[in-house]
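The values are calculated or read from the model by the stated rules, or taken from the named source; none is laboratory data. Predicted model, so just to flag it, every value in this text is computed and none were measured. As a convention, Cβ positions derive from the backbone with ideal geometry for all residues, glycine included, and neighbour counts pool all protein chains shown. SASA here: full protein model, heavy atoms, side chains in, ligands and nucleic acids out. Shrake-Rupley method; radii C 1.70, N 1.55, O 1.52, S 1.80 Å.
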Amino acid sequence: MAKWLAVMVITLLTSVLGAAGGTPEALKVGFIYVGPVGDYGWSYAHDQGRKYLETTLPDVQTTYVESVPEGADAERVLTQLARSGHKVIVATSYGYMDTMLKVAERFPDVVFLHCSGHKRRANMGTYFGRMYQASYLTGLVAGTMTQKKRIGYVAPIPIPEVIRITNAFVLGVRAVNPEVNVHVVWTNAWYDPATESEAANSLLDIGADVIATQSDSPAPVQTAERRGAYGVGFNADASKFAPEKHLTSAIWNWGPYYAAAVKQVRAGTWKSTDEWWPIGTGIVGLSPFGPVVVDTLKNLVEQRKQDLIAGRFDVFWGPIKDQSGKLRIAAGEKPADEMLLGMNWFVESVVGTVPK
Amino acid sequence: MNWPVALEKRSDPSPRLRYVLPAVAIGIGLLLGAMVLSFMGAHPGEAYQEMARGAFGSVYGLSETLVKATPLLLAGLGVGVAFRAGFWNIGAEGQLYMGAMAGTWMALTYPGLPAPLLQPLMIVTGCMAGAFWGLIPAVLRTRWCVNEIITTLMGNYIAILWVDFLVYGPWKDPRAFGFPFAPPLLQTARLPSMPGNRVHLGLLLGLLAATGLTMLLKHTRLGYEIRIIGLSPGAARYAGMNLTRTTLLVMALSGGLAALAGVCEVAGVQGQLKHGLSPGYGYTAIIVAWLARLDPWATIVVSVLLGGLLVGSDMLQIAMNLPVAVAYMLQGLILFSVLAVEFLVGYRLVWKDAR
Amino acid sequence: MELSLVPLLLEAAVRAGTPILLVALGELLAERAGILNLGVEGMMLVGALTGFIVSQQSGEPWIGVLAAAMAGVMLSCVHAFLSISLHANQVGSGLALTIFGTGLSGLLGKSFVGVPAKGFAPIAVPWLADVPLLGRMFFQHDPLVYVAYLLVPGLWVLLYRTRPGLKVRAVGEQPRSADALGISVVVVRYSCVLAGGSAAGLGGAYLSLAYTQMWVDNMTAGRGWIALAMVIFGGWNPVRTALGAYLFGGVQALQLRLQAIGVTVPTYLLMMTPYAFTILALIIASASRARGHVGTPTALGRAYIRGE
């Protein structure tokens, strides 16, 4: 009797323990966002990437914390994520940089990924996408479609990244038509649909017939269509808000990057690098073209995109002059990333200033 | 409308009730919150457990709760003393920003000073800036009878915009890639903190302030005047008290305390002046002061509890995968419940006799 | 080119000022009765979301507007109950309402982000819209703008020329005396707060159905707080409040337009002006006591407890 009992117990134990040992533990990945996922803009795009990660890698479990202010709270949230078993933590705003560095120091076994930053550690890498390349392509479209030779640009907050992307757009416009002026209006907020709409109105009032935006909501594109102008969106596909006159949007596609990084971490091959992924990787791109974009224009854009991917051409290759006419990038010069990262001047054809 | 019940003021509010009722209120709030959590598909018990664990269940959690409680305590004391004198200071947020700004100014202008000299100077400058900011609405009220709820509220907007102007403009850190931060404070300007966590000198200052304030209110003439003016300005005037002088002193003190919260946030926690330095601490401090019934000791307890609620709310997102909106709703519901139950301390329901 | 922009600027001032005005008018009524409601930002958000959802589901924006107003009423009920019946601290209750409303709208709005809905299109008022210059400025707007136009004189007449308005003002100035005269302080205050809530809902609906036709988390961007300031700026008088709201909208529209034509603008200093002006206006009003009452309802912010 006792023998049978012992056998049963041992069988039970081994099966239980065996099962526990056999199941791979789900890899926990944590994301912190500076805004709400419901901004249909920057944080929304990152969250789409997170969802992609979950569907592509089923044994990965993701957590997200939204609207985390860049300051005292960020350090706490990052630490809490690290303490609760997350092996990869992603911070999606520049302002988290120093905080993440501090936390990464305390948790050397966790991989930290910081978007748009420039400080790294052995366990903290930075990543970003060359959105300016996609922005350039949208400029090609806008520059072709404008008939009044006046384009309006709604810009959020004057940081170098925003300035750079704006410049890329203008360079794209100039590539097809150097006579066009791009008027830039700052809303001084990352998202505030009503103010963005008013900014679009102010540009339409001075006769712009294409409105491009870099702010988080599609409000400017929507306003543009209501007043008969074309629209170019940003961060997310704006076509639903301007079905007829939407041209295209420069969008993020973070999913593949997140999937690749997590796979590397799982395989133990991840190394801390400073990645600034170009358009060829698919991390940035264009949303589907709107109905008014003709095939010849689509082909032009595709051609330039292939040029960018193949390295035959890049947006900021010289010669490039600034608003005052001063030559900033010489002919034949291919500026280093540092220069692009610190860009605080506008190119020619921009009407508007960089607030100091 | 004729309700069958009426409110009757209690002639002798029981001290027991004062502590039991808030606990009951929090319980009601948690119950309402449980409904929201269930609606979201989360298990309320598990959620609350995670929150408690996040806020108080570990040394780290507790330290973070204290870090969060520090500005609430300091600003809450400031707001409390003003309310005690019958001056509705809604401007703690602006006074906080002014303090942070002035403290930063001191650190940026005299970076070479050694820490034992620099930090007290930062604190003094910060408090003076806050006192100044608090005195403006005080003068407006004593000279021209301008309602202080309004002027202090306006002062918040202006102070926040002023700091924005500085960090986007003249004080913008040239190495911050254009982001709106002032240069980070040097190590000499950073308040000392405990080894291993972020609890900093500000907490000690807060406890000292609470002690000091209690002594002020109970044992000094000024404290006596403050209490009388708050209870009955008419009686105070009749007794020959100088309302103007007391009001000005109180608001200088109140603004100074709120500003101290700002200095501590900048020098103790965040390390640099930036847009959005305070996620509304000045407003939350009003709630803290009011829940603590303007008593300095109670303010300590309430600020820790509220700090715990805010820190615990993170776990709703991290451990329970709920969106941040749920945390807001929970906070709102708990506040509503506490506010609602408050009145039972001073009043009770009685059945009206049938006539 | 600059001169021709002035009428467009005024048109923009009206457009930008309307959401603030709608909320401010409601808050004005509540404050006149003595109740301070700091929860307007939360009510505005809930109103914006409700209006958007109902309009999107029903396809009819006016039903959305109605729903938004009702949502505002329901939320303000909480504040009314707490501050009037339970004598709770009005500041605390209002702040809690804003926190709660922000959370509620964020939660329920999650599935409506990135979804377009049918909103309002500008309607030209027949005959008036053809008036040169002024027509374009004032009479070619979304219908809710016209609602605001009517509410301003309507509220003025209500407050200064009707018996209910007299009751409201009495309750806000001297609730004890009003009570002694047989005016039900409770009923008057409840009515005003709930009406204020409906106006806040309307203001929110304007943002999500007229100004733009979308819902985005936290889309009010602080306009509720600005509305609070405008009530004070206007000295609790509907006409002056309207001027303040349109002025505020105008300042914002101006700085955008100056940028559009290439003029550099010191944004933050410019944004401070409405608040600084408010304080200035208050000082001037207070200093000139000869002109009479400042306008702050004497009982504002204080619970009225019978028998004390």
**Prompt:** Taking 0.36 nm per intervening residue step and subtracting the Cα-Cα distance, what contour gain separates A:Lys263 from A:Ala175 on full extension?
**Reply:** 27.7 nm
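Which order do B:Tyr110, C:Tyr246, B:Tyr168 take by accessible area at a 1.4 Å probe, largest first? Mind showing how you got there, number by number?
On the way: B:Tyr110 110, C:Tyr246 45, B:Tyr168 25 Å².
Descending order: B:Tyr110, C:Tyr246, B:Tyr168.
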**Message:** Using alpha carbons only, how many angstrom separate the centre of the range B:223-266 from the centre of the range C:143-174?
**Reply:** 37 Å
**Request:** Please turn the phi angles of the range C:149-159 into ³J(HN,Hα) values with the Karplus equation 6.51 cos²θ - 1.76 cosθ + 1.60 (θ = phi - 60°), one per residue in order, whole Hz, x for glycine and proline.
**Result:** 3, 6, 5, 4, x, x, 5, 4, 4, 4, 6
**Message:** Taking 0.36 nm per residue of sequence separation and subtracting the Cα-Cα distance, how much length would be gained by fully extending the chain between C:Leu128 and C:Val6, in nm to one decimal?
**Reply:** 42.0 nm
**Prompt:** Total accessible area buried between chains A and B, 1.4 Å probe, in Å² to the nearest 100?
**Reply:** 2600 Å²
**Complete:** The answer for chain B, counting only DSSP H helices whose Cα atoms cover 24 angstrom or more along the axis and whose Kyte-Doolittle average is 1.6 or greater, is B:324-346
**Prompt:** For the range C:189-217 and the range C:1-69, what is the separation of their C-alpha centers, rounded to whole Å?
**Reply:** 5 Å
**Item:** Inter-label distance for A:Ser84 and B:Lys218, nm, one decimal - labels placed 7 Å from Cα along Cα-to-Cβ
**Value:** 4.1 nm
**Asked** Rounded to the nearest whole Å², what accessible area per residue is found for the range A:79-132 with the 1.4 Å probe?
**Response** 30 Å²
**Prompt:** With the other protein chains left in place, how much accessible area per residue, in square angstrom, belongs to the range B:71-295 at a 1.4 angstrom probe?
**Reply:** 36 Å²
**Item:** Kirkwood Rh and Cα Rg combined as Rg over Rh, evaluated for the protein assembly as shown
**Value:** 0.98
**Asked** Short version: which residues of the range C:194-219 lose at least 50 Å² of accessible area, all chains versus chain alone, 1.4 Å probe?
**Response** C:Tyr211, C:Gln213, C:Met214, C:Val216, C:Asp217
**Asked** Add -39500 (n - 2.57) for each DSSP H run of 4 or more in chain A, then divide by its residues: what number comes out at 222 nm, to the nearest 500 deg cm²/dmol?
**Response** -13000 deg cm²/dmol
**Asked** Using a 1.4 Å probe, what is the accessible area per residue for chain C, in Å²?
**Response** 36 Å²
**Message:** Let me check against my output: what whole-number percent is the relative contact order of the range A:152-252, with C-alpha pairs under 8 Å and at least 6 apart?
**Reply:** 24 percent
**Request:** Would you mind telling me which residue in B:Ile334, B:Ile90, B:Ile287 has the biggest mean-square fluctuation in a Gaussian network model of chain B, where springs connect alpha carbons within a distance under 10 angstrom?
**Result:** B:Ile334
**Complete:** Phi angles of the range A:205-218, converted by Karplus (6.51 cos²θ - 1.76 cosθ + 1.60, θ = phi - 60°) into ³J(HN,Hα) in whole Hz with x for Gly and Pro, give 4, 8, x, 6, 10, 9, 10, 10, 9, 10, 7, 6, 9, x
**Request:** Kindly state, to the nearest 0.05, the FRET efficiency for B:Arg143 paired with B:Leu108, given R0 = 51 Å and r defined as their beta-carbon distance.
**Result:** 0.90
**Message:** On a full-extension model of 0.36 nm per residue, what is the gain between C:Arg302 and C:Ile283, subtracting their alpha-carbon distance, rounded to one decimal in nm?
**Reply:** 4.6 nm
**Asked** Any residues in the range B:170-204 that have 20 Å² or more less accessible area with all protein chains than in their chain alone, probe 1.4 Å, and which are they?
**Response** B:Lys172, B:Phe177, B:Gly178, B:Phe179, B:Phe181, B:Arg198
**Request:** Please give the FRET efficiency for A:Ala189 paired with B:Leu208, using the beta carbon to beta carbon distance and R0 = 41 Å, rounded to the nearest 0.05.
**Result:** 0.55
**Request:** Give me the distance in nm between label points sitting 7 Å out from Cα along the Cα-to-Cβ direction at C:Tyr146 and A:Asp314, one decimal.
**Result:** 5.7 nm
**Prompt:** Rg/Rh for the range A:179-297: what does it come to with C-alpha atoms and Rh from Kirkwood?
**Reply:** 1.10
**Request:** Would you list which aspartates and glutamates come within 13 Å of B:Lys172, measuring only between C-alpha atoms, while excluding same-chain residues fewer than 8 positions from it?
**Result:** B:Asp164
**Request:** Mind checking C:84-94 for the average number of partner chain beta-carbons within 10 Å of each residue's beta-carbon?
**Result:** 6
**Message:** From the C-alpha coordinates alone, can you work out the Kirkwood hydrodynamic radius of the range B:38-159, in Å?
**Reply:** 17.1 Å
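Compute the orientation-averaged projected area for chain A from the convex hull of its Cα atoms and round it to one decimal in nm².
22.0 nm²
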**Fill in**
Diffing the range C:93-108: the Karplus 3J(HN,Hα) column from phi (6.51, -1.76, 1.60, θ = phi - 60°), in whole Hz with x for Gly and Pro, holds 5, x, 4, 4, 5, 5, 4, 5, x, 4, x, 4, 5, x, 5, 6
**Prompt:** What residue among A:Tyr94, A:Ala194, A:Tyr153 has its Cα farthest toward the positive end of the dipole of chain A, where the charges are +1 on Lys, Arg and -1 on Asp, Glu, each on the Cβ?
**Reply:** A:Tyr94
**Request:** May I ask which of A:Lys240/A:Lys334; A:Lys51/A:Lys240; A:Lys119/A:Lys263; A:Lys149/A:Lys326; A:Lys149/A:Lys321; A:Lys28/A:Lys245 have a Cα-Cα span longer than 31 Å here?
**Result:** A:Lys240/A:Lys334; A:Lys28/A:Lys245
**Request:** Note down the relative contact order for chain A as a percent, whole number, built from C-alpha pairs under 8 angstrom at least six residues apart.
**Result:** 16 percent
**Prompt:** Using a probe of 1.4 angstrom, how much of the accessible area of the range B:71-295 is carbon and sulfur, in percent?
**Reply:** 70 percent
**Fill in**
Quick calc, A:Thr296 & A:His118: beta-carbon distance into FRET formula, R0 60 Å, rounding 0.05, result 0.90
**Message:** Compute the distance from the alpha-carbon center of the range B:99-170 to that of the range A:108-123, in whole Å.
**Reply:** 36 Å
**Complete:** Any residue on another chain or 5+ positions along whose placed amide H is under 5 Å from the amide H of A:Phe31 is listed here as A:Thr63, A:Tyr64, A:Val65, A:Val90
**Prompt:** Non-local amide H neighbours of B:Leu186 (under 5 Å, H modeled in plane, Pro and chain starts lacking H): which ones?
**Reply:** none
**Prompt:** Which of the residues in the range A:337-355 lose at least 40 Å² of accessible area when you go from the chain alone to all protein chains together (probe 1.4 Å)?
**Reply:** A:Thr353
**Asked** How big is chain B in terms of Cα radius of gyration and Dmax, in angstroms?
**Response** 21.7, 81
**Request:** Tell me which residues come under 5 Å, amide H to amide H, from A:Glu275 once H is placed; ignore anything under 5 positions away on its chain.
**Result:** A:Thr126, A:Tyr127, A:Phe128
**Asked** Say we join alpha carbon atoms closer than 10 Å with springs in a Gaussian network model of chain B; which of B:Val302, B:Val199, B:Val326 then has the biggest fluctuation?
**Response** B:Val326
**Request:** Starting from the Cα of C:Leu166, step 7 Å along the direction of its Cβ; do the same at A:Lys149; then give the gap between the two resulting points in nm.
**Result:** 6.8 nm
**Message:** Ignoring solvent entirely, what values of log10 I(q)/I(0) come out of the Debye formula for the range A:233-356 at 0.22 Å⁻¹ when each Cα is a single scatterer?
**Reply:** -1.29
**Request:** Express the relative contact order of the range B:71-295 as a whole percentage, based on alpha carbon pairs under 8 Å and six or more residues apart in sequence.
**Result:** 44 percent
